[in-house]
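Undergrad: Below you'll find the structure I mean.
Each value in this text was obtained by applying a stated rule to the coordinates, not by laboratory testing. Not measured: the values here are computed from a predicted model. Cβ placement follows ideal geometry from the backbone for every residue including glycine, while neighbour counts extend to all protein chains displayed.
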Amino acid sequence: MISRRQLWGLLALTLMWGVNWPMMKLSLQQLTPLYFRAITMCLGAVCLLAYMATRGERLRPTGKELLAITVLGVPNILGWHTLSIFGVQELASGRAAILGFTMPIFTVLIGAMFFGERITPRVRVAVVAAGIAVGLLLWHELQRMTGRPAGVAWMLAAAISWAIGTLMFRRAHLTLSALVVTVWMLLLGSLAVWILAIALEPVPAPASFTSAMWISLAYGVFINYGAAQLIWFGMARDLPPATSAMSVMAIPLVGTLSATALVGEVPHWQDWIAMGFVMIAIASVLWPARRANTPITAQ
């Protein structure tokens, strides 16, 4: 059974990560994408590192571990975080969230193709459902005069990169905790993003930032890369699989709904139907199979 504390933590986490999508969109109104990622990722990782230092946990990786962390950071941080921010720049934030969370489907498919994992009937259902969702959103972007199908490509590439990183992380042999590994990936990843931002984008002018801009940046640092990470890693090992699945499915819904209030995005009918198909797909691959004479764990 999930405890009341875990339930409240899961609710907070879902809201934090869901609202983060329109908050990113808000930031991109005044800040270029690479600088946004570099600033929030770097400061968030520093805050997490400072917190972990107070816990007395081993923070320093060995030479081999540092190399492994660097390799893991390419798809998990550079791939997912960089590609997705370009997707958010091009698309409505709710639509970007829906596409980004096709990641579990790609994880299963890539696992089957390259790691010998079995394709089950539920995986086939997930592939069909996710394909319908992507097709709906891509069709809507293509039929609009101002549509941006490139944004769909950015988000799908980000989801695939995240899926590859997830599979690599599962097979990594590291003695550091998952949170410490994540902090190191964020630090190294932010260094690479800083280099790209300085080379490719104009220097931002903080003096012109509005109050909303500062709030959205603070949200990215302290909530998305800070509190949400601590909540997730504090609960991840003890959460039932069904509960994790519910959390993942709810994030695009929260992102789509909150985008209306925060950035004035009005979802189209294609978004709602696509979201439903993505939820079906995620449930198909993540929801634990029912076992005979075994009760389902309550949410």
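Undergrad: Each residue of the range 251-259 in turn: what ³J(HN,Hα) in whole Hz from Karplus with 6.51, -1.76, 1.60 and θ = phi - 60°, glycine and Pro shown as x?
TA: 4, x, 5, 5, x, 5, 5, 6, 5
Undergrad: Choose one of THR54, TRP21, SER93: the residue whose Cα lies farthest towards the positive end of the charge dipole of the range 1-95 (beta-carbon charges +1 Lys, Arg; -1 Asp, Glu; about the Cα centre).
TA: THR54
Undergrad: Another question, if that's okay. Distance between the C-alpha centers of the range 1-58 and the range 64-111? Whole Å please.
TA: Centre-to-centre (Cα) distance: 15 Å.
Undergrad: Just from the alpha-carbon atoms, what are the Rg and Dmax of the range 57-160 in angstroms?
TA: 16.7, 54
Undergrad: Apply the Karplus parameterisation 6.51 cos²θ - 1.76 cosθ + 1.60, with θ equal to phi minus 60°, to every residue of the range 76-92 and state each ³J(HN,Hα) to the nearest whole Hz, in sequence, with x for glycine and proline.
TA: Result, rounded to whole Hz: 6, 10, 4, x, 5, 5, 6, 5, 5, 5, 5, x, 5, 4, 8, 10, 4.
Undergrad: Compute the Kirkwood hydrodynamic radius of the range 1-50, taking the inverse of the mean of 1/r over all pairs of distinct Cα atoms, and give it in Å to one decimal.
TA: Final number for the Kirkwood radius of the range 1-50 is 12.8 Å.
Undergrad: Add -39500 (n - 2.57) for each DSSP H run of 4 or more in the chain, then divide by its residues: what number comes out at 222 nm, to the nearest 500 deg cm²/dmol?
TA: -23500 deg cm²/dmol
Undergrad: Hey, what's the Cα Rg ratio for the chain versus the globular rule of thumb, 2.2 N^0.38 Å?
TA: Details: Rg = 19.0 Å, N = 299, 2.2 N^0.38 = 19.2 Å.
So the chain has a normalised radius of gyration of 0.99.
Undergrad: Would you work out the charge dipole size for the chain about its Cα centre, treating the Cβ of every Lys and Arg as +1 and the Cβ of every Asp and Glu as -1, and quote it to the nearest 20 debye?
TA: The calculation lands at about 780 debye.
Undergrad: Could I ask something else about it? Please compute the modelled spin-label separation between ALA212 and PHE233, points set 7 Å along Cα→Cβ, answer in nm with one decimal.
TA: Simple spin-label model gives 3.3 nm for this pair.
Undergrad: Compare GLY111, GLY63, GLY135 in a GNM of the chain, Cα atoms joined below 10 Å, and give the one with the largest fluctuation.
TA: Between GLY111, GLY63, GLY135, it is GLY63 that shows the largest mean-square fluctuation.
Undergrad: Using θ = phi - 60° and the Karplus curve 6.51 cos²θ - 1.76 cosθ + 1.60, what whole-Hz ³J(HN,Hα) does each residue of the range 266-281 get, with Gly and Pro shown as x?
TA: Values per residue, Gly and Pro as x: 9, x, 8, 4, 4, 5, 5, 5, 4, 4, x, 5, 5, 5, 4, 5 Hz.
Undergrad: Now for a separate question. Under a 5 Å amide H to amide H cut-off, with H placed in plane at 1.01 Å, what residues pair with GLU265 once short-range neighbours are removed?
TA: Placed amide hydrogens put THR260 under 5 Å from GLU265.
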